[in-house]
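This report concerns only the one structure given below.
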Amino acid sequence: MNREFEKQLLQSQLETQEETFQQISQELHDNVGQLLSSTKLLLVITERQLTVVPDTLRTAEETLSKAILDLRSFSKSLNKEWLEQFNLIENLRAETERINTARTINMKLTCTDSYLALKAESQIMLFRIIQEALQNTIKHSEAEQVAIDISQNTDNIIVSITDNGKGFNEKSLPAKGVGLMNMKHRTHLLGGVIEWISPVNQGTRVLISLPV
Ligand SMILES: Nc1ncnc2c1ncn2[C@@H]1O[C@H](COP(=O)(O)OP(=O)(O)O)[C@@H](O)[C@H]1O
Ligand SMILES: [Mg+2]
């Protein structure tokens, strides 16, 4: 009974988190997105009034256009409804493109199939786990590369996210991180197992195994 209660508690916490993602996504799109778009319009109008458009202004407009595109794809990646229309692999491809465009790190995605034998809800859950692993790599690892490998057979789906960064020891962290904890919770809700493998100076590998 305890275990069932704990599971339901977790489920509702994660649902609340999805709602928060949804709100952030809408806020980014409706609010920040609108502000950027109207600023862009002002720049375009200004450019039209000038006989000679300075390079700095042109660059500012291009940068702003890029920010608008990035924001749009970022807010999409947070939007659950949007996620439900696509499968995990497609979403990961978009995420790979987004991360590679930002050029902070090079990301490579390898998967044997283009569709995973998991229901949409579970695919979103797995997507959130992978997103956190990627964010951790970008934020903490100082890695130049990260590789995601996905394979499936009749029983299992195996996902590994490997970076070539500085690595870390989960046990010697001062406090348990919320990100790592959520990754564990989500994996358990999917009935799977997750582990962090980080030999000294050999980067980090997050290994997730889920039942089909
Ligand atoms: N890929 C990684 N490379 C290096 N350190 C990592 C990596 N993933 C996690 N960590 C370490 O684990 C800690 C906890 O991660 P997390 O629970 O996601 O919290 P947060 O990302 O908010 O710091 C991070 O602060 C970092 O020190
Ligand atoms: Mg984190």
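Quick check: anything in segment 100-107 open to solvent by 60 Å² or more (accessible area, probe 1.4 Å), within 12 Å of the chain's Cα centre (by Cα), away from ligand 2 (no atom under 16 Å from the Cβ) and farther than 22 Å from GLY191 by Cα? Among the residues of segment 100-107, not one is open to solvent by 60 Å² or more (accessible area, probe 1.4 Å), within 12 Å of the chain's Cα centre (by Cα), away from ligand 2 (no atom under 16 Å from the Cβ) and farther than 22 Å from GLY191 by Cα, which makes the answer no. Of all residue pairs spaced 6 or more apart or on separate chains, those with beta-carbon atoms under 9 Å, a first member in segment 201-212 that is over 17 Å from ALA147 (Cβ atoms) and a second member that is of a type outside the set (A, V, I, L, M) and within 12 Å of ligand 1 (Cβ to nearest atom) are ASN201/LYS166; ASN201/GLY167.
Looking across segment 162-212 at every residue that is polar (S, T, N, Q) and outside any loop (DSSP other than H, G, I, E, B), the one that is nearest to ligand 2 (Cβ to nearest atom) is identified as ASN182.
Condition first: more than 14 Å from ligand 1 (Cβ to nearest atom) and assigned to a helix (DSSP H, G or I). Now tell me which residues in segment 100-136 satisfy that. Matches in segment 100-136: ASN100, THR101, ALA102, ALA120, GLU121, SER122, GLN123, ILE124, MET125, LEU126, PHE127. Residues in segment 137-146 that are in a strand (DSSP E or B) and open to solvent by 30 Å² or more (accessible area, probe 1.4 Å): GLN145 alone.
Please determine whether any residue of segment 161-180 is within 9 Å of ligand 1 (Cβ to nearest atom), in contact with a Gly (Cβ under 7 Å, 6 or more places away or on another chain) and of a type in the set (Gly, Ala, Ser). Within segment 161-180 (the criterion being within 9 Å of ligand 1 (Cβ to nearest atom), in contact with a Gly (Cβ under 7 Å, 6 or more places away or on another chain) and of a type in the set (Gly, Ala, Ser)), the answer is yes, since at least one residue qualifies.
The values are calculated or read from the model by the stated rules, or taken from the named source; none is laboratory data. It should be emphasised that the depicted structure is a prediction, and the values quoted were computed from it without experimental measurement. We place every Cβ from the backbone using ideal geometry, glycine too, and count neighbours over all the protein chains shown. Accessible surface areas use protein heavy atoms only, side chains included; no ligands, DNA or RNA. Shrake-Rupley method; radii C 1.70, N 1.55, O 1.52, S 1.80 Å.
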